[in-house]
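**Student:** Once you've had a glance at the structure underneath, I'll fire off some questions.
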Amino acid sequence: MIISDILQSGLDEEALCIQLNEVLEKNQIDAIIGIGPVLSRHPHLFAIKSTFYTSTEHFVQQVDVQEFRDETILIKGARTFGFERISNLLAEKIHRTVLEINLDALIHNLNFYRSRINDNVRLMVMVKAAAYGNGSAEIASLLQFNRVDYLAVAYADEGVELRKHGITVPIMVMNVAYQSFGNLVKYNLEPEVYSLAQLDRLISFASTEAKPIKIHVKIDSGMHRLGFEAHEIDALTNLLCASPVVEVASIYSHLAGADEDKHNEFSHTQVQRFLSMADRIQVALGTRPLRHILNSAGILRFPDYQLDMVRLGIGLYGFEANQQAQGELRAVSTLKTVISQIKNIRRGETIGYGRMGLAIHDMQIATIAIGYADGFSRAFSNGKISPMANGQPAPVIGNICMDMCMLDVTGLDVREGDEVIIFGEEPGIKQLADAIGTIPYEILTGISSRVSRVFYTS
Ligand SMILES: *Cc1c(COP(=O)(O)O)cnc(C)c1O
């Protein structure tokens, strides 16, 4: 933990340091860096590993950021200490490309959807694919704190990861391989069941367990991905009725075109098919499991079908697929990097692999520290998008390389070390997606794991 003097605590210096030391020990902080004259005067009052600097300036000059490796650092300082200099310094160290996640914006979006959900309808949040690329454990903790009813992930290991990070909210897992059945029980995860063969194997497994396994029955109402079809419902209910070792927690389905007007009629058909199959299951079981079918777009466009629960996904991260309520949402993620080098290029020279970037006039270019291995797709090559270099749009020139790419910064006010925004408020993720014919989901989930995630509240 990097911490500054605590101003206006009302305690004398020694009492303050003693109390601080207690809090640090109790919370199992491994080491502190104390900054400010007060902390520096009392190093002997700290029992844990500690170093002190009289000012932020002093720290920034003396520290070798290379010393920080595989560490989680909590930075907490009074405003006057200007600790953003420290977070910038550390962020630069971590290969200088970061995905910043604005947690206030995320909560704003959560509350927006909550305001559109009818009373007594539960909320499941989809945190699959590392919470759409934003970082599963961190986002899940925040959602748990904000009392969502359910979380859902695609694979069992994603669920295990959440449990290891102290997530206790019920978790549905959509695609469970036989090999992970053991983990379902060990980590209290609730599988989706989508076929008779899979249910059979789960039942054999569950029969040796002490407690029934909660399952979520997936209905294929027209998406044709996973799920039971109408002709399988009798076999399904027979199996379920004969097997008290599994307990149906919910019955659900997924809409194939919830976000587009042109599919409205099909969406209504899907809902009707779903309800009729769910009814048959409920009647046969004599219980009333939760029923749910709406994703983010559906929540806004089909409020009559919210049923017992809805499944919020992309909306939480700031996109409204149908665009009708886009203005109500805030951008959550900003992908940033820096300019590594600036060069002057003569007319007629070429830039990058395949010599695809041609200087049609004398040109100034900036090489930035992000490439397709970070998730900045090679499809953005040759001017498909203009990241913001020190606040000014600068088109990609030439082909994007694995770890770097070049921007045309001719005539712009830029220097080496300046910040470059790949996406954020401007350009937005939607704009990137449109530029290469994909969807925001793919842009977000494509940011690779070597890009550090930095979470902040404003
Ligand atoms: C991903 C997913 C969702 C969430 O969809 P969004 O469009 O992101 O809201 C809902 N249900 C299922 C089954 C999903 O796989």
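The values are calculated or read from the model by the stated rules, or taken from the named source; none is laboratory data. These numbers were taken from a predicted model, which means no experiment stands behind them. Neighbour counts run over all protein chains shown; Cβ positions are idealised from the backbone, glycine included. Areas reflect the complete protein model, heavy atoms only, side chains present, ligands, DNA and RNA absent. Shrake-Rupley method; radii C 1.70, N 1.55, O 1.52, S 1.80 Å.
**Student:** Going residue by residue through the stretch 350-364, is there one that turns out to be under 32 Å from the mean Cα position of the chain (by Cα), within 30 Å of R453 (Cα to Cα) and open to solvent by 40 Å² or more (accessible area, probe 1.4 Å)?
**Tutor:** Checked the stretch 350-364: no residue is under 32 Å from the mean Cα position of the chain (by Cα), within 30 Å of R453 (Cα to Cα) and open to solvent by 40 Å² or more (accessible area, probe 1.4 Å).
**Student:** Given the options A331, A379, name the one that is surrounded by fewer than 19 Cβ atoms within 10 Å (Cβ to Cβ), in contact (Cβ under 8 Å) with a residue 40 or more places away in the chain, in contact with a helix residue (DSSP H, G or I) (Cβ under 7 Å, 6 or more places away or on another chain) and of a type outside the set (D, E).
**Tutor:** None of the other options fit; the residue is A331.
**Student:** Here's something else I'd like to know. Scan the stretch 401-416 and tell me whether some residue there is without any contact (Cβ under 8 Å) to a residue 40 or more places away in the chain and outside any loop (DSSP other than H, G, I, E, B).
**Tutor:** Checked the stretch 401-416: no residue is without any contact (Cβ under 8 Å) to a residue 40 or more places away in the chain and outside any loop (DSSP other than H, G, I, E, B).
**Student:** Still on this model: Which condition number in (1) assigned to a strand (DSSP E or B); (2) small (G, A, S); (3) without any contact (Cβ under 8 Å) to a residue 40 or more places away in the chain is the one that A140 fails?
**Tutor:** Unmet condition: (1).
**Student:** Can you tell me which residue within the stretch 143-173, out of those that are touching a residue at least 24 places away in the same chain (Cβ under 8 Å) and β-branched (V, I, T), is surrounded by the fewest Cβ atoms within 10 Å (Cβ to Cβ)?
**Tutor:** T168
**Student:** When only residues in the stretch 196-245 that are among the polar types (S, T, N, Q) and surrounded by 16 or more Cβ atoms within 10 Å (Cβ to Cβ) count, which is nearest to the ligand (Cβ to nearest atom)?
**Tutor:** Taking the candidates together, the pick is S221.
**Student:** For a quick check of your reading: which strands (runs of 3 or more DSSP E) sit entirely within the stretch 1-103 and have at least 1 residues that are surrounded by fewer than 13 Cβ atoms within 10 Å (Cβ to Cβ) and not hydroxyl-bearing (S, T, Y)?
**Tutor:** Ranges flagged: 49-53.
**Student:** So, one more: Would you be able to tell me the number of residues in the stretch 255-300 that are open to solvent by 40 Å² or more (accessible area, probe 1.4 Å) and within 13 Å of the ligand (Cβ to nearest atom)?
**Tutor:** Adding up the residues that qualify gives 3.
**Student:** Pull out all pairs, ordered by first then second residue, where Cβ-Cβ is under 8 Å, the residues are six or more apart or on different chains, the first lies in the stretch 122-134 and is closer than 23 Å to Q306 by Cβ and in contact (Cβ under 8 Å) with a residue 60 or more places away in the chain, and the second is polar (S, T, N, Q) and within 12 Å of the ligand (Cβ to nearest atom).
**Tutor:** Listed by first residue and then by second, the contacts come to M126/N295; Y132/T445.
**Student:** Being within 16 Å of the ligand (Cβ to nearest atom), under 24 Å from G166 (Cα atoms), outside the structural domain of L11 (by TED's automatic domain parsing) and assigned to a helix (DSSP H, G or I): is that true of Y132 here?
**Tutor:** Judged against the criteria, Y132 is a match.
Conditions tested, residue by residue: (1) at pLDDT 95 or above; (2) over 23 Å from the mean Cα position of the chain (by Cα).
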position: P387; (1), (2): yes, no
position: D413; (1), (2): yes, yes
position: E426; (1), (2): no, no
position: D434; (1), (2): yes, no
position: T445; (1), (2): yes, no
position: S452; (1), (2): no, no
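**Student:** I'd like the full set of residues that are within 16 Å of the ligand (Cβ to nearest atom) and in contact with a Pro (Cβ under 7 Å, 6 or more places away or on another chain), limited to the stretch 171-195.
**Tutor:** Across the stretch 171-195, the qualifying residues are V173, V176, E190.
**Student:** Which numbered condition trips up S115, out of (1) surrounded by 17 or more Cβ atoms within 10 Å (Cβ to Cβ); (2) over 24 Å from V454 (Cα atoms); (3) not aliphatic (A, V, I, L, M)?
**Tutor:** Of (1) surrounded by 17 or more Cβ atoms within 10 Å (Cβ to Cβ); (2) over 24 Å from V454 (Cα atoms); (3) not aliphatic (A, V, I, L, M), only one is false for S115: (1).
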